[in-house]
1. Provide the packing ranking of 103-111, 55-63, i.e. peptides ordered by the mean count of other C-beta atoms within 10 Å per residue, highest first.
2. Please state the relative contact order of the range 59-108 as a whole percent: Cα pairs under 8 Å, 6+ residues apart?
Amino acid sequence: MSTSRWLPKKPLLTGEITAVDFYLALLRPLRDARKYHILLAVLMTSRALSEIRPVPRRGLSRDESAMYIGVSGGKFDELVADGRMPNPIRIDGRKVWDIRSLDLAFDALPRENPSPNSWDDVRP
């Protein structure tokens, strides 16, 4: 018996079937709604909580910090070396960048071609 008739009918943007879609497709032939919902609950809760609801963190790794400000890891290292980005905090053997310090340092970076504020000429 072919399982293709159970696969999702909706068009997928990526052209790939997600694991949840695949398992749901396999569960569709079950006639007992109670079994379907129990298996669905198991599938939905078997994922790590961090995948479902990421925990906000204050400390970021080097790669996460570089991604946060929108540059490569190498460029981030340059920015730290020349003082435009903060130095890391060392927690035991791990280097962690404070996200608040990254925000302040990023706000202090020079802007390219600052445009005049059109509201500067308005007087109350």
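1. Numbers: 103-111: 10.3, 55-63: 11.9.
Going by the mean number of other Cβ atoms within 10 Å, highest first, we get 55-63, 103-111.
2. Values: 51 pairs, mean separation 20.1, N = 50.
Relative contact order for the range 59-108 comes out at 40 percent.
Quick note: the coordinates plus some simple rules give every number you see, no bench work behind them. These numbers were taken from a predicted model, which means no experiment stands behind them. Glycine gets a Cβ as well: all are built from the backbone with ideal geometry, and neighbour counts include every protein chain shown.
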